[in-house]
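The values are calculated or read from the model by the stated rules, or taken from the named source; none is laboratory data. Being a predicted model, the structure only gives us computed values, none of them experimental. Note that each Cβ is placed from the backbone with ideal geometry, even for glycine, and that neighbours are counted across all protein chains shown.
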Amino acid sequence: MGRKRKISRLDYCQFLYATQTNYTQTYFAEHLEEVSHDAINRYLLHDKLTPKLVWEHAKEEIIFSPNGAILFDDTVLDKNSSQTIELARWQYSGAAKKVIKGIGVVTCVYFNPDCQKFWVIDYRIYSPEQDGKSKIDHTLDIFKNAIYSKSLQFKYVLMDSWYASHKVMLSIDDEKKIFYCPLKSNRLVSQVDKKYSHEPVSELTWLEKELQYGKRIHINKFPSTYHVKLFRIAVNNHRTEYIVTNDLTQDAAENVRKVCGFRWKIEQFHREIKQVTGVEFCQCRKQRIQRNHIACSILVWVKLKNIAYETGKTIYQMKEDLLRNYMVEQLKSPHTREVFA
């Protein structure tokens, strides 16, 4: 009798959840009776997992707040070691600080500042060759979906300078949400009392009171009557960020610094998913397999994060706890005692 067992999403997610360092299909097959590498590959090739599935698993665990924020950013899954993966393309990676061959993923995280917890709520694969959409297009799709399909309760939208576009900021403004985002140092702006005298934001002069209370500016190519508040925030001795917000009542640089600190949560999500789910380690060529692997990896992160919140542990402790019983048993009754005697 040949191997007949079929693989399901539950099986594959359980594997990603349990394995520590090896995330290959071959390693999976070696540890599950009556399952072949081909059966695993066949499952991943024919299932069709979508971002909607992640939302279905995450939504019941989210603690919403009127002060909530949705955070946008993208990450690049490193595929430099393979040149034949269909979704991989050359693109800049912030983590690697250079252009690499990889799969771009635009992600959205919901953050509750009242309880300091966050949850992934949506994502999109960046593949303009297949769908013709830019990262900005994906961001706006996710944003509109958060409002009209998910009916999320949130006040703020935070994003990196890459997403600080005319289209994104005005769309957020139209929906009566408050955005905070950094501008690139060469972005052309003008002070409201110096119309049409645009200059790079990094070359603006600042009065002492403006460093504390901010200044109203016009961003080049925005509607002439559209103003935003600009704050100069010193991140450290070597880095300064220029933060804009459509909240014209904001008058405290310290509050801006605090809200912008929310953005770190999405970076934390990217780091965790890469370190505990093996999201980067699938080397299969077919784009459908890559999409399903990414979806399963995010589902595993959702499960690990929920358990971590329930137990008061970190997501890394949750992963390491899977080996704890084995370690305790080996220390109590080591198999190699005679070798070291």
Go through region 13-57 and report how many residues are outside any helix (DSSP H, G or I), of a type in the set (V, I, T) and closer than 25 Å to E272 by Cα.
4
Take A39 and decide whether it is at pLDDT below 95, buried (at least 18 other Cβ atoms within 10 Å of the Cβ) and of a type in the set (A, V, I, L, M, F, W, C).
yes
Please identify the pairs in which a residue from region 91-109 that is free of Cβ contacts under 8 Å to residues at least 24 places away in the same chain and of a type in the set (A, V, I, L, M) has its Cβ atom under 9 Å from the Cβ atom of a residue that is assigned to a strand (DSSP E or B) and loosely packed, with under 15 Cβ neighbours inside 10 Å, counting only partners at least 6 apart or on another chain.
V99/W90; V99/Y92
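Of all residues in region 107-117 being over 8 Å from the mean Cα position of the chain (by Cα) and crowded, with 23+ Cβ neighbours inside 10 Å, which is farthest from I298 (Cα to Cα)?
Of all residues in region 107-117, those over 8 Å from the mean Cα position of the chain (by Cα) come to 110-117.
With crowded, with 23+ Cβ neighbours inside 10 Å added as a condition, the list becomes 110-111.
Values: Y110: 14, F111: 17 Å.
Checking each candidate, the answer is F111.
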All but one of (1) in contact (Cβ under 8 Å) with a residue 40 or more places away in the chain; (2) of a type in the set (A, V, I, L, M); (3) under 14 Å from I243 (Cα atoms); (4) not in a helix (DSSP H, G or I) hold for L152; state the number of the condition that does not hold.
(3)
Name, by its number, the condition in (1) in contact with an Asp or Glu (Cβ under 9 Å, 6 or more places away or on another chain); (2) more than 18 Å from H293 (Cβ to Cβ) that does not hold for K79.
(2)
Those residues of region 162-209 which are part of a loop (DSSP other than H, G, I, E, B) and acidic (D, E) amount to E175, D193
Look through E56, E30 and report the one residue that is in the same structural domain as Q116 (by TED's automatic domain parsing) and free of Cβ contacts under 8 Å to residues at least 12 places away in the same chain.
E56
Identify, by number, the condition in (1) closer than 30 Å to K52 by Cβ; (2) at pLDDT 90 or above that L322 doesn't meet.
(2)
Can you name every residue in region 82-93 that is within 19 Å of I273 (Cα to Cα) and touching an Asp or Glu at 6+ places or on another chain (Cβ under 8 Å)?
S93
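From the list T75, T50, pick out the single residue that is of a type in the set (S, T, Y), buried (at least 16 other Cβ atoms within 10 Å of the Cβ) and touching a residue at least 40 places away in the same chain (Cβ under 8 Å). Show your work before the answer.
Values: T50 fails: buried (at least 16 other Cβ atoms within 10 Å of the Cβ).
Within the list T75, T50, the selection yields T75.
So that you can scan it fast, the table gives a plain yes or no per residue for (1) surrounded by fewer than 17 Cβ atoms within 10 Å (Cβ to Cβ); (2) farther than 22 Å from D122 by Cα:
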site	(1), (2)
S161	yes, no
I172	no, no
I178	no, no
L188	yes, yes
H198	no, yes
T205	yes, yes
L230	no, yes
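Can you confirm whether K6 is of a type in the set (K, R), over 22 Å from the mean Cα position of the chain (by Cα) and over 21 Å from L304 (Cβ atoms)?
Working: of a type in the set (K, R): yes; over 22 Å from the mean Cα position of the chain (by Cα): yes; over 21 Å from L304 (Cβ atoms): yes.
The answer is yes for K6.
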For region 83-106, check the following and say yes or no: at least one residue is at pLDDT 95 or above and loosely packed, with under 15 Cβ neighbours inside 10 Å.
no
